[in-house]
Every structure is written in C-alpha cells, then in structure tokens.
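The values are calculated or read from the model by the stated rules, or taken from the named source; none is laboratory data. Predicted model only: the values in this text are computed from it and were never measured. Don't worry about glycine lacking a Cβ; one is built from the backbone with ideal geometry, like all the others, and counts go over all protein chains shown. Protein only, heavy atoms only, side chains kept; ligands, DNA and RNA dropped before computing areas. Shrake-Rupley method; radii C 1.70, N 1.55, O 1.52, S 1.80 Å.
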Amino acid sequence: MTNNKENINSAEVKKELLKQYPPKVARKRDKQIVLIKSKNEKTEEIQANVRTIPGIITQRGCCYAGCKGVVLGPTRDIVNLTHGPIGCGFYSWLTRRNQTMPDGPDDENYMTYCFSTDMQEEEIIFGGEKKLKKAIEEIHELLNPKAIGIFSTCPVGLIGDDVHAVAREMSEKTGINIFGFSCEGYKGVSQSSGHHIANNQLFKHIVGLDDTVKGSSKYRINLLGEYNIGGDAFELDRIFKALDIDLVSTFSGNSSYDQFANSHTADLNLVMCHRSINYLADMMKIKFGIPWFKINFIGAEATAKSLRKIGKYFGDADFRKKIEDFIKKEMEEVEKVRVEMEAKCRGRLAMIFVGGSRAHHYQELFKELGMETVGAGYEFAHRDDYEGRRVLPNIQADADSRNIEELTIEKDPGRYNPRITDEKMKMLESEGLTFSEYEGMMQEMTNGSWAIDDISQYETEKMIELYKPAVFCAGIKEKYIVQKMGIPMKQLHSYDYGGPYAGFNGAINFYREIDRMINTEIWKHIEAPWKKRPELHAKYVFAS
Amino acid sequence: MIIDMESRKNNIKEGLDNIVTINACKLCTPLGACIAFKGIQGCMTILHGSQGCATYIRRYLISHYREPIDIASSSFDENAAIFGGGANLVKSISNVRRQYNPEVLAIATSCLSETIGDDIEMIVKGIESEEKIPIIPVSTASYRGTHREGFYAALLASVKSLAEKKDESSHINIISGMLSPEDIRYLKAIAGEFSDFVLLPDYSETLDSGSWGEYEKIAEGGTAIEDIRSMGSAAGTIELGGSCGLVSTAGKYLEEKFEVPLKNISLPVGLRGSDLLINSLSKLSGKEIPESIKKERLRLLDAYADAHKYLFGVKAIVYGEEDLAVALSSFLSELGISIVLCASGSNTGSFKEEVEKSIIDFDESVTHIAEGVDFEKIDEIAAELEAEIVIGNSKGYKLASKFGIPLIRTGFPIHDRFGGQRIQHVGYKGAMMLLDNIVNAVLETQQKNSSVIYNYM
Ligand code: SF4
Ligand code: SF4
C-alpha cells in the first residue's frame, strides 16, 4: 500500500538515504538531495551535473551515448558511423525505440543499421585513421548518403585519431557532407556532454545549408528536443497538421537531413527537452534571430497550454480561435477517460527518476490523474533544469564542463532576421509568454517532495521502501529491481512497449496504462497463500 | 526501406569490401565476462573504464534476462583516461564493498583501460590482502575477441584466482558455456543424477529468479567460492564448448595445474551432443545411466522419426557464437535439415573445421561456413541460398523478414520475444523443445503460404 506522504518525517528520510555512505560520499550526495519547501520558504539549491563517484552504481550513460544514441540516433538519412571497438556501436543500435517515417518507400532509412569501424588491436596500436577512411569510402560507394557522421569512442581519443581531419579530407574526396563528433565516453560526466557536442556539430555542419522557404503556412516552427519515442512525433504531427502549422524540422525525432539544413527558415523554435537541445535554440536565436520558448506536450493540459502559447506568438485571432476549438474538441475525449481513470488512481504516489526533462514533464500526467509525484530527479540534467535558467549565471564551470567546446556565434550578416520586434516581444512577455526561459522542475513540485539528482541504486531502494509509491518511473536498468520489490514500474526512456504518450491521444494512452499498472492483481499474489507474512521489509547488509 | 546491398555491391571497387562493419553479429568482450561472473555466488563485477560501457552492458543484459543486474564502473574522467585509472579502481572497490558487501569481486577491463595499459592484475595484487576478499581480475579488451571470449576468459580467471588442490575429492567439475539459465538448471539436474558436482558458472538463479518480496543487493544463487576452490581437487572436468581458437580455458588450466582430467565436449545440443554428455558423466562417476534419462532419449528419438518427414532437406541458416553455431549445426544435421550457411561474428580461425566436423555427411557444396562476418555479409551470402528457416538470436530478424522466412530464436540476445532466459537448448529435453519449435515454424509457414486452409497437417 502506498504510504502517506504526510506521515513521513522528511528529516529522517535524508538521514536514511545517506546513512550507509562513507562521510565523503555522504557529503557529496547530501547536496544532490533536496527537500522541496513551501512557496514562502526557500528551497535549497541542488547540486547537479557532477561526476558520479566510482563504484556507486548510476543509471548514467556516456558522452557518446548522448551524442550518437540520443541526438543523432533518430536521424534516418545520415549514416552514423561509430569509430571504435564493436560494443559501443552495437549497444546503441536502435535501442531507444525511436521511430521514423520516410516520405516514400525508396527514401533512405539507415536507422535500422549499425555502422562501426570495429577496431581491432592493430588499429589501437597503429592508429585507426586509415581504416576509418576506408570505411567511409566504402559507405560512399555502397550507399552514397547525403551525410556521414563519425562518432569517436573512448579509445579513439587516446590513440589520437583526428576524426575531424579525416572528415574534411573525405568530404572533399567524396563530395558528401562528412563531420566528426569528438564524443569520447569519458568526456563530461554523463550523456549530457554528448548532447552539447551533437548540437554544436549539427549547427556547424548542417543548419543553414538550404535557404528555400518551403510550405505555404504562415505558422512555421521547429520542434527541438523531441525524439519520437514510441511514436510521439506522429501524434504531434497530427495536431500540427490539424492546426495548419508547418513543422519545418524536428531535432531529431522523425527527422531528415534536409529538414535540418532548412531549419533556420522557421519563425519559432519550440523547446521540448531543454537539457539536450537548448544549445541549438540559443545558437539559432543569435545567428538567425529565431526566438524560442519552452513548451511541453506531455500531459493534455500541458499540450493545450503549449498550443495556446504558439497561438499567442503568431497572434492572429483566427488562428487562436482555431486552436481553442481544436483543444475543446480534443479535450472531450480526454476528459471522459481521465475522469474514469482518476477515480481509480487519485491520491496515490508516483516517483520519476529519469532523463533530463521527462522527470518534469511526466509529473503533468500524474497530476491529471490526481497523483502526486513525491520524488523526482534527473539522470543527467544541470542545475538550470531543476531550478530554472535564472541560476545559469551562478553555475561554475568545472573541469568536466570546461572540456566541452562552446561555440562563439555571431549574427549572420545576410540572414539574421529577428522574427518579432523588441516591442512585440516585451508585450508578449508582459502577457506571460517568456522567451529563452525555462522554469525548471522544482518549481512545480509540492512541499515535502524530494528532488534527487543522479539517484543511486541504493537510494532508489530506500525511497521505495520509505514511501512505497504506487508506481515508479525510470529506465530499463531500474525496472526489474523495482518490480522485484513488488512495485509497478513504468519505463520512460523507451516507454516499455507502449506509447505514444505525447499530445492528447498520448495522454489517454498514459492514463489507461497507469490505471492498468497500479491496479493489477498480480502484486497481491506475491505472497503465497500458505505463507505467514512477516513484515515486508527490505534488508540492507553493509560492511561498516 | 531495406537497402539492397546486393545490387550496390557491384559498384564496389576491388579491395574495399568489408572494411566497415554493418550490423555486427557479435557483442563486446566484457559483456560475456559479466554474464559469467553472475554465476558466482555473492559476486559483484566492476568494469574498469568509463561508466558508459557498464551502463550499456547492463541495459543489454537486463533486456534479455529481465532481471536486475548491477555492474559497477570505475567511472573514468578525462584525467584517468590520460594518466591511468588505478586510483579510480581502488575507490570503486571500496565503495562497492560498502554498498554490496560482496563475497568476491570481479574486475573486468574495457577497451579504454586496456588502451591506456592499466595493469589490473598488479593493482589487484596491491590491495587484495587489505580488502580481505578474493578479487578476480580479467582482461577483456573488445578489440581482441568477442563476448564469447570474454565469457571463457572470466571462467579461466575465476579458477586461476580461486581453485586449489586440497584432498582428492570424487566430485566432477562441469564448466558450462554461454547457455541460458534454463540450460544450467537442466545441467544441474542431470549431473545430480550421477555424482556430486560443481558447476561453474551457475547463473540459473541469479539471472532468472522468482519474485523476491524483499530486495536483495546481490541476487541469491551462483557457484559458491568454496566450491570453486575445490575444483582443483575434482575427479575430473567436463567442459562444454570453448573449442574454437581459445589458447586456454578453465578446464585446460585445471588439467595443467592440478592434473584434473579434462573432457572437453561441444555444447550438448541434439542427440549426439547429449549422448556425449551423458556418457561422460556416467564414465566419470562410474554410475549407470538412470532409466529416466534413457526414456528421455528414446522419446527424443521417437520425435526425430516423427519430425523427419517435415524437416528433411529444409534449408537453414544458423549463426551466433561459435560454440552455439557449431552445436546447433550438429543438431540440425541430425534432423536431416540442410544447413546452407553457418556463420559467426568472431574470428578464431578454427570455426570452419569445427562446423565441418559437427555436420553429418558434411558437403561443402551445400554448406557455406562464414567466420568473422556481420549481418550485412550474411545477408549477401544468403541471397542465393533459398533458405527456409533461420536459427539464431534476435539480431537475425531483419534477415528472416527480408526473405519472409521464420526465425527460431536461440542463444543471446533475445529482446524481441519473451522468455529468452528460459529457452532450453541442451540435453534430450532441450533438443525436443527446439525440435517442436522448428517443426511448428515450418508447418506454420506452409499453412500461411497455402491457398488451401489446412488445419490438419
Ligand atoms: S569500449 Fe569496448 S568494452 Fe566499452 S562498450 Fe565499447 S567495445 Fe565494449
Ligand atoms: S567505450 Fe567510451 S564511448 Fe564506448 S560505451 Fe564505453 S564509455 Fe561510451
């Protein structure tokens, strides 16, 4: 049974979580575990984006995973070539359940392929550039793609292969747009550094290559930080089409190279996952003058709110009316299901420890079900994702973040075009539409809940033991631990086997699924009928 | 879109072929080591390198076994990557010990620590006495070998670190290959019919356990350390698989160092493979073969006779780790199935010979053997072969779907079907289960492709 949050002494919670760590580890973790206070008290700052302690089991991946797996993973017509031994490429081979829909049956789709230089000892000793060049030549002959991305894995950084020089040389030779990513796994503290590197290279090498303004709609947008897990993008597409909004490009769910090349012709950037893509949004603002704001299409209310923001930005009354009518129509079906499911879920507790934006976004869906998120945290986010971008000036760069290149961007002399005037922007801001801003996750959490950064396996178990939430959301690595403890677990990286959860139809899917998960009979049978029940308690054995 | 590599291949210039690996048919070395170490009681594994490898490997294992799997990492940062990760390793050992209280620690290297040249044996020697628990170091660079080599290397390292010669004992060692938890359960039951035994690695519980109710830091089960110690005094060892290209194995080590007689057999898949296992057990233990096992064998033979008419001449593609591919080929050829292609992603040099030996009436004009290939290459070779079934792990799905033929899932990884950890490959019973699946897949295809609605076949 779910524990009641009010019955739990929060001071004790923290003590419990830190108790078994050696003093140094405890001091560090202490700063990454923050109790949310009421609005008139000051919540402490959270420490985030710091290195995981060796030997503490984390759910974090590496820089390469963030770059090749997350940001470039969903691209279908760029050949993503892993430069390294076989494992890194193999493990990132379509494991995120991204979906893509090429325009026609003959259009390129390399997403189901996994290309690797499969380095052998010889290359580790004598260098891998030669093999890399040959691999590119072969890809050129075999597939002649529009573009090839080269992704460096850990050993490549060490043996000193210059993937950028190879990319330049081979670009000239083949006429293909080829670019390298120095995303060796040891860079930065998590996949987050890889996002940044991916953003930089996409911006440098593809964005802005094609100036043609396509389509006929007045409302031309890019969607940034949406990765089309479980078909989310298809639901969003449906919504945009219904509203006559032209989606110029998505970074990078269901995307194509041509869309990236053309993305600077859009008039608005919508940022979904702030963590993974804010760099691109900022750079496009500076260079091309495209404003951005944060939206969230997870949750029916959040979707409606985001659509209204778009309406406000483009401004005309007809468009705004169209949006309102559409929301009204969609919400009828949503409400029917929501009310029914809320009756069965209300008052239960949820926990979400995942990603760099989902732990925030999915709280919306639980709210709609009348459920409270009593613990949430990101795997690889930074302080601004927790506390909002206003803390940006106060974040100090450490050794790990300093080694990720910051591009210096200037106004494009010919193509810079501020889409709206300063006055208009000020006016919109005064009406509550804030640009280039993200409020962060903690802002929306309730008094007495916990924000925990890079939660460890041990803390996960403790949190579950203390709060006995009705559902725990994380990734596949945590899935079976949580289920072994008798708690339903929802994967929010790959959505288990379900989805979409975005937009209105996605919300309906999610309500139904959560109801099914938390109200299933299975958990009641864990106890065999012939066994007397000792109090269910996790036991932790530690050497002192 | 399915890229038609075949037609594009024509454009390829001489000497360019197969530089880039497209859709690999192998996984990386430490993954295999991690599976093997899950078979030791109270063992925690630390991957020495950046945390990404540990995370990726955990995720991959978990999606196959559907069990919690913890693998720690020494989490290199850029400095460790340049100057070596000894300090990180020591720190991670102490943190893992505090959190998990393991009985034994296993440390496997990744490509990064290997490239730097960290000498983990040295580092471990330096701290083992202080840590007061056994530590098993194993070198598992992925630019050398595949997950299969990692698996066997981990077993070798385990006996090297732990096995001793004590008083002679009558028990038998069984050293298993990369099999499923269900296989291990079966092997244990069969071996128990003959003699006391130690089976390494026993992940039958740790990688396929029941509902716990209470959380366990390290899943229960596994070969006990004392038992591994005693392997040096056993009456004999039966080692399954590992015959392709491995310089040393756990079984060989026990034989050379402690004079424990070794019987190396291939993975006991199919009739002959199982016969060999049962015979070896009977011989080593000096015990008669129990009636129940004899009956199981006869039941399998009966099924072979029944299945023959459906399977004779059916053309099959088999791929996977060498050991499994060899064993499956042996089994399929017993059924009269014609193996048109037997492939493996690793490159040991002796695969061809082993496959030739395993197939009854081997005919090189019928069977192609390909070693060190990726799925793109398998696809290319398969183009002309008119195969009717594909047998291997989930990664061959694309191949099977391209030709519109069924894929019988075996081995690792299986992440597009349920129950991969419970597939039984070995013994008479395993053969029976595989046989049922294969016949039914063939029948289903016939049924589907027929214009008549047969429901009696
Ligand atoms: S670096 Fe080596 S060990 Fe790590 S995932 Fe890649 S291939 Fe495997
Ligand atoms: S070797 Fe490096 S890049 Fe590859 S998976 Fe491991 S940490 Fe990531």
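Going by the conditions given, is A:D118 at the interface with another protein chain (Cβ under 7 Å from one of its Cβ atoms) and more than 23 Å from A:S255 (Cβ to Cβ)? Yes, satisfied.
Kindly indicate whether A:K42 is more than 7 Å from chain B (Cβ to nearest Cβ) and touching a Ser or Thr at 6+ places or on another chain (Cβ under 6 Å). So A:K42 fails the test. Number of residues in region B:64-90 that are acidic (D, E) and either more than 7 Å from chain A (Cβ to nearest Cβ) or within 19 Å of B:G126 (Cβ to Cβ) (or both): the value is 0.
Scanning region A:92-113 for residues that are within 16 Å of ligand 1 (Cβ to nearest atom) and either at pLDDT 95 or above or of a type in the set (S, T, N, Q) (or both) yields A:S92, A:T95. Scanning region B:40-51 for residues that are open to solvent by less than 10 Å² (accessible area, probe 1.4 Å) and either among the basic types (K, R) or facing chain A (nearest Cβ under 10 Å) (or both) turns up B:M44, B:I46, B:H48, B:G49, B:S50. Which of the helices (runs of 4 or more DSSP H) contained wholly in region A:391-500 include at least 1 residues that are more than 14 Å from every other protein chain (Cβ to nearest Cβ) and closer than 28 Å to A:V34 by Cα? Counting at least 1 such residues, we get A:457-467.
Here A:K173 clears all of (1) open to solvent by less than 10 Å² (accessible area, probe 1.4 Å); (2) away from ligand 2 (no atom under 16 Å from the Cβ); (3) within 14 Å of chain B (Cβ to nearest Cβ) except the condition numbered (1).
The residue list A:E465, A:E444, A:E478 contains one member that is under 24 Å from A:S190 (Cβ atoms) and open to solvent by 20 Å² or more (accessible area, probe 1.4 Å), which is A:E444.
For A:M331, the conditions (1) open to solvent by 40 Å² or more (accessible area, probe 1.4 Å); (2) over 25 Å from the mean Cα position of the chain (by Cα) all hold with the exception of (1). Annotation note: Cβ proximity below 9 Å between a residue of region B:52-63 that is more than 7 Å from every other protein chain (Cβ to nearest Cβ) and a residue that is open to solvent by 20 Å² or more (accessible area, probe 1.4 Å) (sequence gap 6+ or interchain) occurs for B:L61/B:K38. Checking B:A54, B:A80, B:A106, B:A72 one by one, the residue that is open to solvent by less than 20 Å² (accessible area, probe 1.4 Å), within 24 Å of the chain's Cα centre (by Cα), within 16 Å of ligand 2 (Cβ to nearest atom) and more than 17 Å from A:G87 (Cβ to Cβ) is B:A72 and no other. Those strands (runs of 3 or more DSSP E) of region A:207-271 in which 1 or more residues are aromatic (F, W, Y), over 19 Å from the mean Cα position of the chain (by Cα) and surrounded by fewer than 24 Cβ atoms within 10 Å (Cβ to Cβ) occupy A:219-226. For region B:119-142, filtering for residues that are within 16 Å of ligand 1 (Cβ to nearest atom) and open to solvent by 30 Å² or more (accessible area, probe 1.4 Å) leaves 1. Do we find that A:C63 is open to solvent by less than 10 Å² (accessible area, probe 1.4 Å) and within 16 Å of ligand 2 (Cβ to nearest atom) in this structure? The answer is yes for A:C63. When region A:491-520 is limited to residues that are touching a Ser or Thr at 6+ places or on another chain (Cβ under 9 Å) and small (G, A, S), the one that is most open to solvent (accessible area, probe 1.4 Å) turns out to be A:S494.
Kindly indicate which of B:G345, B:G349 is open to solvent by 10 Å² or more (accessible area, probe 1.4 Å), among the small types (G, A, S) and touching a residue at least 60 places away in the same chain (Cβ under 8 Å).
Answer to the selection: B:G349.
Only one of the listed residues (A:I323, A:I327) is in a helix (DSSP H, G or I) and in contact (Cβ under 8 Å) with a residue 60 or more places away in the chain. That residue is A:I323. One residue stands out in region B:175-190 among those that are touching a residue at least 12 places away in the same chain (Cβ under 8 Å) and aliphatic (A, V, I, L, M): the one that is farthest from B:H147 (Cα to Cα), namely B:I190.
As for region A:16-26, it holds at least one residue that is more than 16 Å from ligand 1 (Cβ to nearest atom), surrounded by fewer than 22 Cβ atoms within 10 Å (Cβ to Cβ), away from chain B (no Cβ under 14 Å) and not in a strand (DSSP E or B).
Has region A:42-54 got at least one residue that is in a loop (DSSP other than H, G, I, E, B), open to solvent by 20 Å² or more (accessible area, probe 1.4 Å), at pLDDT below 95 and within 16 Å of ligand 2 (Cβ to nearest atom)? Within region A:42-54, one or more residues are in a loop (DSSP other than H, G, I, E, B), open to solvent by 20 Å² or more (accessible area, probe 1.4 Å), at pLDDT below 95 and within 16 Å of ligand 2 (Cβ to nearest atom).
Would you be able to say whether some residue in region A:182-197 is free of Cβ contacts under 8 Å to residues at least 12 places away in the same chain and open to solvent by 10 Å² or more (accessible area, probe 1.4 Å)?
no
Each residue in region A:78-95 was checked for being over 19 Å from A:L280 (Cβ atoms), more than 9 Å from ligand 2 (Cβ to nearest atom) and out of contact with any Pro (no Cβ under 6 Å at 6 or more places or on another chain), and 7 of them qualify.
If the condition is being at pLDDT 95 or above and either touching a Cys at 6+ places or on another chain (Cβ under 6 Å) or within 13 Å of ligand 1 (Cβ to nearest atom) (or both), then region A:69-85 contributes A:T82, A:H83, A:G84, A:P85. Within the option set A:E405, A:E410, being open to solvent by 50 Å² or more (accessible area, probe 1.4 Å), under 29 Å from A:F314 (Cβ atoms) and out of contact with any Phe, Trp or Tyr (no Cβ under 6 Å at 6 or more places or on another chain) holds for one residue only, A:E410. When the test is whether a residue is within 16 Å of ligand 1 (Cβ to nearest atom) and more than 7 Å from chain A (Cβ to nearest Cβ), B:F37 passes it.
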